[in-house]
């Protein structure tokens, strides 16, 4: 029997995903599910409703009882007519008794919501401190007096970078019994129309 | 009462509304035209019951797979 492992569909929020692909994926999955249901139902009908004899499929028949009340001359009197109950057996294909519907997905609702948030901020911290100090008494010349040098530079910059992409996909699938396909209905109709009580000969 | 199947009357070909579950219990359904009653033979009851149970299991199996697809 055809069986394929189904994996749940999880859309990824990446820009490489085409929206068409995201939306069509549930529809393809529903179509695949429909096909799978039809195959299983057909297999059920073939296994239950038919039996294979010498390479031919013969309908599986069940026995039904027809009860009729008829007038009976023997038990009739002048005042009251006699009644007799007659039971007749007739055969019916089992497929006509089982209330079968076509199992299929009849409605797929795809609600697609996509939310894209993009926020760019940059965060960089730079701190440059250059300090030059010409300390006194380290350099001395023969000049009289002192030379002193002091320098300081500070640089500070702040920026932040953040990016967020999100998408949500809501899929609602309704599976409901649908009318049987026309071909199956035709077969059942033929079976039903061919029901006629047949007098079977007594084997003895 | 809602019946789920129609069986043509072997006498007059009128459709007899019937219920397969009630047929399994031994109930008979009468033809609205000729009053002939039809019922399931006790001999065939286990076959029909088995087939109906299999179909119910198939429906449950399909429902389970459908839920797996939805998740």
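A short reminder: the numbers here are calculations on the coordinates, not readings from a lab. Quick caveat: nothing in here was measured; it's all calculated off a predicted structure. Note that each Cβ is placed from the backbone with ideal geometry, even for glycine, and that neighbours are counted across all protein chains shown.
Observations on the structure shown:
- Put simply, when B:26-32, A:77-83 are sorted by average Cβ atoms within 10 angstrom per residue, most first, you get B:26-32, A:77-83.
- Rounded D (µm²/s) - the stretch B:5-70, Kirkwood Rh over Cα pairs, Stokes-Einstein at 20 °C, 1.002 mPa s: 157 µm²/s
- Each of B:3, B:55 was scored by other Cβ atoms within 10 Å of its Cβ. Listed from fewest to most, they are B:3, B:55.
- Mean residue ellipticity (222 nm) of chain B, computed from DSSP H runs ≥ 4 via -39,500 (n - 2.57), nearest 500: -14500 deg cm²/dmol
- Per-residue mean of foreign Cβ neighbours for B:27-34 is 1 (Cβ atoms of other chains, 10 Å radius).
- Paramagnetic reach from residue B:19 in the stretch B:29-43 [backbone N under 14 Å; point 7 Å along Cα→Cβ]: B:29-30
- Relative exposure of A:96, A:48, B:64, A:67, judged by other C-beta atoms within 10 Å (fewest first): B:64, A:67, A:48, A:96
- Once the Cβ-Cβ distance of residue A:172 and residue B:57 is raised to the sixth power relative to R0 = 30 Å, the FRET efficiency obtained is 0.70.
- Taken along the Cα-to-beta-carbon direction at a fixed 7 Å, the label points for residue A:67 and residue A:27 span 5.5 nm.
- Exposure proxy for B:5, A:58: other Cβ atoms within 10 Å of each Cβ, ordered fewest to most, give A:58, B:5.
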